[in-house]
1. Quick one: if you stick a label point 7 Å off each Cα along the C-beta vector at Lys42 and Ser79, how many nm between them?
2. FRET efficiency for Ala4 and Ala114, Cβ-Cβ distance as r, R0 = 30 Å, nearest 0.05?
3. Kindly provide the pair-distance distribution of the chain built from C-alpha pairs, with 5 Å bins from 0 and whole-percent values in order of increasing distance.
4. Could you give the length gained by full extension between Ala99 and Lys124, i.e. 0.36 nm per residue of separation minus their alpha carbon distance, to one decimal place?
5. Give the Kirkwood hydrodynamic radius (Å, one decimal) of segment 62-152, defined as one over the mean of 1/r across all pairs of different Cα atoms.
6. Based on the mean of other Cβ atoms within 10 Å per residue, sort peptides 82-91, 140-149, 50-59 so the most packed one is first.
7. Taking the radius of gyration and the Kirkwood hydrodynamic radius from Cα positions alone, what is the Rg/Rh ratio for segment 40-92, to two decimal places?
8. Can you give me the Kirkwood hydrodynamic radius for segment 14-74, using every pair of distinct Cα atoms, in Å to one decimal?
Amino acid sequence: MNYAVAPINSEEFIKDLEKKGIHCIEWEPRIVKNTNLYKEKKIMIPFISVTVIIIIMILNPFILYLKGSLPGQMPLNFSSSFIPLDFGSGKQFVFSQMAYGVLNMAILMCMYYASHFYSKYDKKSAPKFIYVSLIIAVLFLIMQFRILFKFS
């Protein structure tokens, strides 16, 4: 963090600093233009992990539907205590699960760009956005597996 002091009589303050051996330095702020996030392991490993999780989340119900492993009626909506509220066909279930995967992909892209823009100011904490996307994708994948194991 940077702090600034604005004394009432700045010229006198500068003279006191120069007497103590501290001299004024002219500087210009440097704007970091190129931040290459794809070169950093802290960002690319969770990014690739989220991408793999999303691909699994999209393809898993689709493959089960094509193989005929899904029952005729699958739950589409749940209450907070994981009790099914709405039932639909297997095709509707697959479409809703694939839509969740696409929405997770959109979250991943938004978080990647947020970390990209944030890295211009603070490169050390830029990966936290990708980790948020990773947590969300893992939670959705766990919920999908829970639904598939319980109802199929």
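No value in this document is a laboratory result; all are computed from the given coordinates. Please read these numbers as outputs of a predicted model, since none were measured by experiment. Neighbour counts run over all protein chains shown; Cβ positions are idealised from the backbone, glycine included.
1. 4.5
2. Numbers: r = 28 Å, r/R0 = 0.94.
FRET efficiency, Ala4 to Ala114: 0.60.
3. In whole percents, the pair-distance histogram is 2, 8, 13, 13, 10, 9, 8, 7, 6, 5, 4, 3, 3, 3, 3, 2, 1, 0.
4. Working: separation 25, 0.36 × 25 = 9.00 nm, distance 3.27 nm.
Stretched out fully, the Ala99 to Lys124 stretch lengthens by 5.7 nm.
5. Across segment 62-152, the inverse of the average 1/r is 14.8 Å.
6. Values: 82-91: 13.0, 140-149: 14.8, 50-59: 17.4.
By packing density, highest mean first, the sequence is 50-59, 140-149, 82-91.
7. That ratio is 1.17, to two decimals.
8. Values: mean 1/r = 0.0567 Å⁻¹.
Here the Kirkwood hydrodynamic radius works out to 17.6 Å.
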